[in-house]
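Novice: I am attaching a structure below and will ask some questions about it afterwards.
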Amino acid sequence: MDEEDVNCRVSPHWPDYRNLLLSKGFRLDTVRDVKQYYCDHFADGVNRLPSLTRARLSHGDDALCPDAGLRDNLFRGTCIRNGAKVVIKAVHCRSRELEVIRFLSTSPIRDHQMNHCIPVLDLVVVSDDDLAFIVMEEWSSQLIADGGPCCLGLFLGALRQCIEHTVFMHMHRIAHLDISLRNLVTDYNGRYACIDYELSRRLELGQRASIVGFRATEVPPECENGECRDPFKVDVWALAVLMLRACKMCGYCVPELLEIIKPMLNENPDDRPTAFAVLKAFDRMIPLIGDHRLQVR
């Protein structure tokens, strides 16, 4: 099996692993769970059920019910111990993604204050099937709460977590390679986390990676032909785009921040700052903005 085979997306037959995951303390969502969710959150309850769920009603309340909005390698579930919602991702057991996630979610790395990887509750490896299941806390991809945008200070605090995690990854020779708003989630308690390390690479010290067939949400100009020569500077570019999109989404225009972002978008990757330099510039910027502006919504 070659490198591309172990790093492509997998599509497991989830019922085959239902009992295994249950034995580890995680229950996959059933028709009953989805019906209960819609009854709890919508006045018209089951009348709002997605078509995929409606099609499964005849299978009974205990039938597994995948989320139509998720890819085949993802399944929602519940932690039996405390009732917390989880998302379970299936990957190849020799994939780069599992290697990176295992590193980021193992103590003492997982407890480092700069590590903003989505909290991982368990890694369930099924070697006989070349599969592994990454069990993650379920956070929200809706970055703006229903109450509207937060104050500028909290907004910049969220961006700082994104920058800080990028610095942390790069310190450990990890390039995420798909930094974007869609791969950012929140627990609505001031914490933001990075998800989806599917394209990530962990490089040996001194190793230069030239990635052919590069794909990502945000593609810098030097990679438009499908080749990536400096994955860390790709992350810096993508981080800049994330910050610009976040400003637009939340309605903020921060001239001081734009001055930091501008060199991150340099067409020549060699002229882009490192993620560490971006973090230092960001921290120097905050006192210059002033408390009054930081409190403005």
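What follows is calculated from the coordinates using simple rules that are stated; it is not laboratory data. Fair warning: this is a prediction, and the values are worked out from it, not measured in the lab. Please note: Cβ atoms are built from the backbone with ideal geometry, for glycine as well, and neighbour counts cover all protein chains shown.
Novice: What is the packing order of peptides 106-117, 273-284, taking the mean over residues of other C-beta atoms within 10 Å and listing the highest first?
Specialist: Numbers: 106-117: 13.5, 273-284: 16.8.
Answer by packing, highest mean first, reads 273-284, 106-117.
Novice: Can you figure out the FRET efficiency of ARG173 with LEU70, using R₀ = 35 Å and their beta-carbon distance, to the nearest 0.05? Kindly include the intermediate steps, with their values, before the conclusion.
Specialist: Values: r = 30 Å, r/R0 = 0.87.
Efficiency, from the Cβ-Cβ distance: 0.70.
Novice: About its Cα centre, what dipole magnitude does the range 167-297 give when the only charges are +1 on Lys and Arg Cβ and -1 on Asp and Glu Cβ, stated in debye to the nearest 20?
Specialist: Working: 17 positive and 18 negative charges, 61 e Å.
In total the dipole reaches around 300 debye.
Novice: Relative contact order, percent, of the chain when contacts are C-alpha pairs under 8 Å separated by at least 6 residues? Walk me through the intermediate numbers first.
Specialist: Details: 443 pairs, mean separation 42.7, N = 297.
Relative contact order comes out at 14 percent.
Novice: Where both residues lie in the chain, what percent of DSSP beta bridges are antiparallel, nearest 5?
Specialist: Values: 30 of 31 bridges.
Bridges in the chain that DSSP calls antiparallel: roughly 95 percent.
Novice: How far, in degrees from 0 to 90, does helix 255-264 lean away from the longest principal axis of the Cα atoms of the chain, to the nearest 10?
Specialist: Tilt relative to the chain: about 80 degrees.
Novice: Additional query: Label-point separation (nm) for GLN295 and GLU259, each offset 7 Å from Cα along Cα-to-Cβ?
Specialist: Once both label points are built, they end up 2.4 nm from each other.
Novice: Kindly provide the Kirkwood hydrodynamic radius of the range 245-297 in Å, to one decimal, from all pairs of distinct alpha carbon atoms. Before the final figure, lay out each step's value.
Specialist: Working: mean 1/r = 0.0810 Å⁻¹.
So the Kirkwood estimate lands at 12.3 Å.
Novice: Here's something else I'd like to know. Show which lysines lie in cross-link reach of LYS280 when reach means a straight Cα distance below 27 angstrom and same-chain residues fewer than eight apart are skipped.
Specialist: Answer for LYS280, where 27 Å is the Cα cut-off: LYS233, LYS248, LYS262, listed by chain and number.
Novice: Hey, what do the phi angles of the range 85-101 turn into as Karplus ³J(HN,Hα) couplings, whole Hz, using 6.51/-1.76/1.60 and θ = phi - 60°, x for Gly and Pro?
Specialist: After applying 6.51 cos²θ - 1.76 cosθ + 1.60, I find 7, 10, 10, 10, 10, 8, 9, 5, 6, 10, 7, 5, 4, 5, 4, 5, 4 Hz.
Novice: Still on this structure, please answer the following. Once you have the Cα-Cα distance between ASN189 and VAL126, take 0.36 nm times their residue separation minus that, and quote the gain in nm to one decimal.
Specialist: Numbers: separation 63, 0.36 × 63 = 22.68 nm, distance 3.43 nm.
Answer, rounded to one decimal: 19.3 nm.
Novice: A further question on this structure: Taking R0 as 25 Å, what's the FRET efficiency between LYS248 and THR274 from their Cβ-Cβ distance, rounded to 0.05? Walk me through the numbers on the way to the answer.
Specialist: Numbers: r = 25 Å, r/R0 = 1.01.
So, using R0 = 25 Å, E works out to roughly 0.50.
Novice: Follow-up question, since we're still on this one. Of TYR197, ALA158, HIS176, which is farthest along the charge dipole of the range 152-294 in the positive direction, counting Lys and Arg as +1 and Asp and Glu as -1 at C-beta?
Specialist: ALA158
Novice: Using the Cβ atoms and a cut-off under 9 Å, what net charge is assigned to the surroundings of GLU137, where Lys and Arg are +1 and Asp and Glu are -1? Can you show the working numbers first?
Specialist: Values: positive: LYS85; negative: GLU138, ASP187.
Residues close to GLU137 contribute a combined charge of -1.
Novice: Indicate the gyration tensor shape class of the chain (rounded, prolate or oblate), computed on the Cα atoms with a ≥ b ≥ c the square roots of the eigenvalues: a/c under 1.5 is rounded; otherwise a/b larger than b/c is prolate and the rest oblate.
Specialist: Details: a/c = 2.08, a/b = 1.35, b/c = 1.55.
It is oblate, given that a/c is not under 1.5 and a/b is not larger than b/c.
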